[in-house]
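The next block holds one structure in the form of structure tokens; read it before the comments.
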Amino acid sequence: MKRRVFISDHINNYTKLLTDLVNVDVVIDDEDKTLILLSSLPDERYETFVLTLINGRTSLSYVEITTAFVNLELRRKNKESF
């Protein structure tokens, strides 16, 4: 992920790639999609948040993780606007 790219844009691009893979009959497990997304984020900006998300979980849901990142981005934007 490039620096200063909004997480929502990154998730949208990633979802487009996943859709392209589905269109050529590539099946990726939900948890694998989630792990690939998490590993594509820059450590310095998201490391603590990622560790918090995965701590104590036995499985990861792509929808839950992407929702959590979009909410994080909204909180950061609101904090910056004040």
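The values are calculated or read from the model by the stated rules, or taken from the named source; none is laboratory data. Fair warning: this is a prediction, and the values are worked out from it, not measured in the lab. Glycine gets a Cβ as well: all are built from the backbone with ideal geometry, and neighbour counts include every protein chain shown.
I need the full set of residues from the stretch 1-53 which are within 16 Å of residue 69 (Cβ to Cβ), in a helix (DSSP H, G or I) and either among the hydroxyl-bearing types (Ser, Thr, Tyr) or touching an Asp or Glu at 6+ places or on another chain (Cβ under 6 Å) (or both), in order please.
7, 8, 14, 15, 34, 39, 46, 48, 52
Considering only residues that are among the hydroxyl-bearing types (Ser, Thr, Tyr) and modelled with pLDDT of 90 or more, look in the stretch 53-82 and name the one that is farthest from residue 18 (Cα to Cα).
The residue in question is 67.
How many of the residues making up the stretch 57-76 are part of a helix (DSSP H, G or I) and either of a type in the set (S, T, N, Q) or surrounded by 11 or more Cβ atoms within 10 Å (Cβ to Cβ) (or both)?
Qualifying residue count, the stretch 57-76: 13.
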